[in-house]
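Take a look at the structure below.
The values are calculated or read from the model by the stated rules, or taken from the named source; none is laboratory data. Everything quoted here is computed from the prediction, not taken from an experiment. When we count neighbours, we look across all protein chains shown, and the Cβ atoms used for this are built from the backbone with ideal geometry, even at glycine. Note: areas computed on protein heavy atoms with side chains; ligands, DNA, RNA excluded. Shrake-Rupley method; radii C 1.70, N 1.55, O 1.52, S 1.80 Å.
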Amino acid sequence: MKAILSADRNWGIGYQGRMLVTIPSDMRFFRETTMGKVVVMGRKTLETLPAGQPLKGRTTIILSRDPEFRMRGAVTVHSKEELLKTLQSYPDEDIYVAGGGEIYQMLLPYCDTALVTRIDMEYQADTFFPDLDQSPEWELVEEGEEQTCFDIEFYFTTYRRK
């Protein structure tokens, strides 16, 4: 299982239920990386997608505490246990955790890889991803070339569990 996200210098990933910044090449990377795969997210993250709909060309699994919540075109689960059981049906290397903060916290222990677009800026954030640079369990194994989008510098990085 892999986590996929973008994070600022402080590992901020969101503010008031939204991503900190939208970078077209980061969105393209996400789309190309997850196409044909399984994407796991929480209901609130689903609501931030275009029209609040599941991702096309992917199996979207939504975790919601609301037992009545269902989404056409997605697999809906209502507990961590139900999610883990559902994920057993898919190859581990095809599963991408896409947020939000609570879902990352819950599933990071099951991830062996984190694909992180590191944004070289500090934003106002209220949701954070664990600082993998400070974690003895993780190591940076790949850092792409510096890229820019207007005045934003960012890097595509890969972290692996040691």
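Out of the residues in the stretch 56-65 that are out of contact with any helix residue (DSSP H, G or I) (no Cβ under 7 Å at 6 or more places or on another chain) and assigned to a loop (DSSP other than H, G, I, E, B), state the one that is modelled with the highest pLDDT. Result: Gly57. Scanning the stretch 99-137 for residues that are buried (at least 16 other Cβ atoms within 10 Å of the Cβ) and more than 17 Å from the chain's Cα centre (by Cα) returns a single hit, Tyr123.
Among the residues of the stretch 78-98, those that are surrounded by fewer than 19 Cβ atoms within 10 Å (Cβ to Cβ) and either among the hydroxyl-bearing types (Ser, Thr, Tyr) or outside any helix (DSSP H, G or I) (or both) comprise His78, Ser79, Thr86, Gln88, Ser89, Tyr90, Pro91.
Do we find a residue being among the acidic types (Asp, Glu), open to solvent by 50 Å² or more (accessible area, probe 1.4 Å) and farther than 27 Å from Asp120 by Cα anywhere in the stretch 26-33? Scanning the stretch 26-33 turns up no residue that is among the acidic types (Asp, Glu), open to solvent by 50 Å² or more (accessible area, probe 1.4 Å) and farther than 27 Å from Asp120 by Cα.
In the set (1) closer than 29 Å to Thr59 by Cα; (2) in contact (Cβ under 8 Å) with a residue 24 or more places away in the chain; (3) not polar (S, T, N, Q), the condition left unmet by Asp120 is number (1). Does Phe129 satisfy the criteria of being farther than 13 Å from Val21 by Cα and touching a helix residue (DSSP H, G or I) at 6+ places or on another chain (Cβ under 6 Å)? Criteria met by Phe129.
The set of residues from the stretch 46-77 being surrounded by fewer than 15 Cβ atoms within 10 Å (Cβ to Cβ) and of a type in the set (Lys, Arg) comprises Lys56, Arg65, Arg70, Arg72. Scanning the stretch 1-51 for residues that are among the basic types (Lys, Arg) and either part of a loop (DSSP other than H, G, I, E, B) or out of contact with any Ser or Thr (no Cβ under 8 Å at 6 or more places or on another chain) (or both) returns Arg9, Arg28, Arg31, Lys37, Lys44.
The residue list Thr86, Thr48 contains one member that is over 30 Å from Glu153 (Cα atoms), among the β-branched types (Val, Ile, Thr) and out of contact with any Phe, Trp or Tyr (no Cβ under 9 Å at 6 or more places or on another chain), which is Thr86.
Results for (1) modelled with pLDDT under 95; (2) touching a Gly at 6+ places or on another chain (Cβ under 9 Å), shown as yes or no for each residue.
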{"site": "Ala3", "(1), (2)": "no, yes"}
{"site": "Ser6", "(1), (2)": "no, no"}
{"site": "Asn10", "(1), (2)": "no, no"}
{"site": "Gly17", "(1), (2)": "yes, yes"}
{"site": "Ile23", "(1), (2)": "no, no"}
{"site": "Met35", "(1), (2)": "no, yes"}
{"site": "Arg70", "(1), (2)": "yes, no"}
